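Undergrad: Quick one: this structure, given as structure tokens, is what I'll be asking you about.
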Amino acid sequence: MVISLAEIKALVDEVVPWAIDLRRELHKWPEIGNQEYKTIERIEAELDKMGIESEKILRTGIVACLGDMAAECIALRADIDGLPIEEKTDLPFRSVHEGYMHACGHDVHTSVLLGTAKLLSNIKRLINKQVKFIFQPAEETTGGAKRMIETGCLKQPDVSSIYGLHVKPEIEAGKIGVKYGRVHASSVTFHIVIKGVASHGAIPDCGVDALLVACQVVNSLQSIVSRSVSPLDSAVVTVGSIDSGKAANIISDYAKIEGTLRSFSEKTKNLLKSKLESIAINTAKAFGAYAEVEFIEGYEALINHDENVDKVKNVAKLILGENNVIEIESPTMGVEDFSYYLNKVPGAFFFLGSGFPDRYNPPLHSANFNINEECIRTGIMLFTCLILQK
């Protein structure tokens, strides 16, 4: 470090109350993806107060730089959007935006990154790197990371590595979770439309029952993972919706099946798509119906880079203690668009413990979700030390 750990902790202590107040303010007015206008306005104003030059992109995204402009550039990212969930907590700073809530902790991610920027701006003469702060919209919806990259957020200056974090209520505040390799799965949404022949329910032989075909397709889709994917691989085929029929006594000529595919490799993803399409088309054909299949690509798989995970783990052990660094063994089939950054430059995505000890902590995306604000201190400390390490 270019500054002692004791000095860094003192600086963190100074900025944490400000960051907590900011988080509470952001929590009161969550904004969903691509509509984070008030949030981005506040971020821009705070960066301006710090003397950090910033550029607004995608209307609700910001990139800002600080430090030695001729040195290596390291990026830190925070997602800023909320969710369309009605908050049910009794917090004094609960959401005043009816029907919306920061139920995934992006208010925490934003305050941690702004707190880090505030701290570093006060000691910028000691920074021997260039730091790029990326405040990204629409992680929950349209994959803001991909569009941020397309607008050049990793260029001019070119980013050599990138780090991101996410609150995790299953881990107590004051601890972090790290994961090597596979962290989050890729996603593909599928739509299957079955076309049959309508008929009265009393004369089924005169029709082709699209609903019956849809049920057969759904049952057969369950065989893809169990019989076509290696048991040593991980994959998910989930049907979330079937829409068919309008009356109890009419055989429907239409059915729509919607669901999601999750996997970690392109090979497995392509296998899932191929098998699903074959099952849908051939099952429909066997019943005299017709099937159309559409795939909508979602997020890419998030695969951490080992060297960067090592850096996070080593810094965390130094500042938190070895017992407070938890190595996560299994990946999740959930998605995270930080994956797009890691497919462009080396980096690591880690989990910021945000749970309260000795009590139930509601999960992410729940109406009662809440965080232990002590995690903000840990996040700022970790981001700061990642930048200041030699």
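The values are calculated or read from the model by the stated rules, or taken from the named source; none is laboratory data. Model, not experiment: these values are computed from the prediction. As a convention, Cβ positions derive from the backbone with ideal geometry for all residues, glycine included, and neighbour counts pool all protein chains shown.
Undergrad: For the stretch 73-84, does any single residue satisfy the condition of being assigned to a loop (DSSP other than H, G, I, E, B), more than 21 Å from Leu165 (Cβ to Cβ) and more than 23 Å from the chain's Cα centre (by Cα)?
TA: No, the stretch 73-84 contains no residue that is assigned to a loop (DSSP other than H, G, I, E, B), more than 21 Å from Leu165 (Cβ to Cβ) and more than 23 Å from the chain's Cα centre (by Cα).
Undergrad: Now, a different point. Of all residues in the stretch 139-151 being in contact with a strand residue (DSSP E or B) (Cβ under 8 Å, 6 or more places away or on another chain) and small (Gly, Ala, Ser), which is surrounded by the fewest Cβ atoms within 10 Å (Cβ to Cβ)?
TA: By that ranking, first place goes to Gly144.
Undergrad: Consider Ile176 carefully, then state whether it is touching a helix residue (DSSP H, G or I) at 6+ places or on another chain (Cβ under 8 Å) and not acidic (Asp, Glu).
TA: It is true that Ile176 is touching a helix residue (DSSP H, G or I) at 6+ places or on another chain (Cβ under 8 Å) and not acidic (Asp, Glu).
Undergrad: Select from the stretch 217-236 the residues that are farther than 16 Å from Lys267 by Cβ and of a type in the set (Val, Ile, Thr) and write down the one among them that is farthest from the chain's Cα centre (by Cα).
TA: Of everything passing the filter in the stretch 217-236, Val217 is farthest from the chain's Cα centre (by Cα).
Undergrad: Of Leu119, Leu113, which residue is of a type in the set (A, V, I, L, M, F, W, C), within 17 Å of the chain's Cα centre (by Cα) and outside any loop (DSSP other than H, G, I, E, B)?
TA: Leu113 is the lone residue from the list that is of a type in the set (A, V, I, L, M, F, W, C), within 17 Å of the chain's Cα centre (by Cα) and outside any loop (DSSP other than H, G, I, E, B).
Undergrad: Okay, moving on. Is it true that Lys256 is among the basic types (Lys, Arg), modelled with pLDDT of 95 or more and under 30 Å from Pro204 (Cβ atoms)?
TA: Answer is yes for this residue.
Here is a yes/no grid of residues against (1) surrounded by 22 or more Cβ atoms within 10 Å (Cβ to Cβ); (2) under 14 Å from Phe133 (Cα atoms); (3) not basic (Lys, Arg):
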site	(1), (2), (3)
Glu14	no, no, yes
Trp18	no, no, yes
Tyr37	no, no, yes
Ile43	yes, yes, yes
Asp48	no, yes, yes
Ser54	no, yes, yes
Gly82	yes, no, yes
Arg94	no, no, no
Val108	yes, no, yes
